[in-house]
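First comes the structure, then the notes that go with it.
The values are calculated or read from the model by the stated rules, or taken from the named source; none is laboratory data. Just so it is clear, the structure is predicted and the values come from calculations on it, not from any experiment. Here the Cβ is made from the backbone with ideal geometry for all residues, glycine too, and neighbour counts use every protein chain on show.
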Amino acid sequence: METKAPRITDVARLAGVSTATVSRALSKPETVAESTRNAVLAAAEKSGYRVNLSARNLRRQRTGAIVVLVPNLGNPFFSEILAGIETALSEVDINMLVVDTRQAHTKPQLVLEYLHATRADGIIALDGSLPDEILSVASSGTGAPPIIFACEWTPKGEFSSVRANNSLGAAMAIEHLAELGHRQIGILAGPHENVLTHTRSAGAKTEIARQGLELDPTHVFSGDFSLESGADAAQAWLALECRPSAMFCQSDQMAFGFISELTRNNVSVPGDVSVVGFDDIDIARRFIPALTTIRQPRKKLGLYAAEMLINHVGTNTSPAIETTILEVDLIMRGSTRAVGN
């Protein structure tokens, strides 16, 4: 025998209120008294009634979903950011769709199809290297959903963003190495076109000058935030006649690749070279040696970005351009040590 699904009238009967009151209590709980809201929620639970989110979103002309653009889903750095986004969205019954943007430059249509209000209520972009073709559509104001950048951002300043204090973090890494007595400090930078690379490089170079040191151009290596580029930089470091005694790697992943390749070549970290990373991803404290690094508040980055976007979606306003910068911390572990120790 088929059992009928509970309806809003069943909830109203159990709670002793009108169906209109039930609707308000479930969709706009702040508009009804607490006692009424509690009675409705108890009746809904007892009857087994569930809000039809699809119908509710249709009435509100929303999709009930936010799209998150991630430059590389295989990078563990993004896991905590996504967790923060999901935490915020789950509180307001909004779904999260994740799109990998690694093909955005060669196949921009894969991203462009989400830049319409019928596909998503908003966009959170973790990729600051999105091509102009995509950014121009996102900023056109012709039906594109609001977009917030988290962690990375576009240097053109057309969108709101939530980011860590990357320049200060880089300066903290250099200051730590200088305080340990290192006079020759190298830099393993990220991809040239990435805004994080420019910001972290600028912060590091400013601090090197403040410490009264000079940066040897041969001590600057190019990478792409990956393990492989860290290993490649280690080979380049090994080939130098005069090697820096300390390295600032602009991501933990590159630091891991750098250290592991040196270890494979019987070079000790921190015995022969001290290494500082950037991000403090989960494995950093378990790596051997445990990595000294700059900790980004990754979950908070996602949480703040989602809350900012939810506010714009909820009020149906065009986001005013705003920037939120979150502070970072130096986490000292076993991959650095003082000169001569």
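Structure notes:
- Flag set for L126, criterion: modelled with pLDDT of 75 or more and under 27 Å from D93 (Cβ atoms).
- Restricting the range 289-314 to residues that are out of contact with any strand residue (DSSP E or B) (no Cβ under 7 Å at 6 or more places or on another chain) and of a type in the set (K, R), the residue that is nearest to L177 (Cα to Cα) is R298.
- Only listed residue being modelled with pLDDT of 95 or more, touching a Pro at 6+ places or on another chain (Cβ under 8 Å) and either in the same structural domain as R200 (by TED's automatic domain parsing) or not β-branched (V, I, T) (or both), chosen from R243, R337: R337
- Of the listed requirements (1) of a type outside the set (A, V, I, L, M); (2) more than 22 Å from G271 (Cα to Cα); (3) over 21 Å from the mean Cα position of the chain (by Cα), F159 misses just one: (3).
- Residue match in the range 166-178 (condition: under 26 Å from M332 (Cβ atoms), at pLDDT 90 or above and assigned to a loop (DSSP other than H, G, I, E, B)): no
- Restricting attention to the range 262-287, the residues that are surrounded by 13 or more Cβ atoms within 10 Å (Cβ to Cβ) and polar (S, T, N, Q) total 2.
- Condition met for T324 (over 30 Å from A65 (Cβ atoms), assigned to a strand (DSSP E or B), within 27 Å of the chain's Cα centre (by Cα) and not charged (D, E, K, R)): no
- Residue among I259, I294 that is surrounded by 17 or more Cβ atoms within 10 Å (Cβ to Cβ), within 18 Å of the chain's Cα centre (by Cα) and of a type in the set (A, V, I, L, M, F, W, C): I294
- Among the residues here, L115 qualifies as touching a helix residue (DSSP H, G or I) at 6+ places or on another chain (Cβ under 6 Å), on the phi < 0 side of the Ramachandran plot and either at pLDDT below 70 or loosely packed, with under 14 Cβ neighbours inside 10 Å (or both).
- For the range 202-255, filtering for residues that are in a helix (DSSP H, G or I) and either of a type in the set (S, T, Y) or in contact with a helix residue (DSSP H, G or I) (Cβ under 7 Å, 6 or more places away or on another chain) (or both) leaves 19.
- Taken together, the criteria place V275 among residues that are closer than 14 Å to I185 by Cα and not in a helix (DSSP H, G or I).
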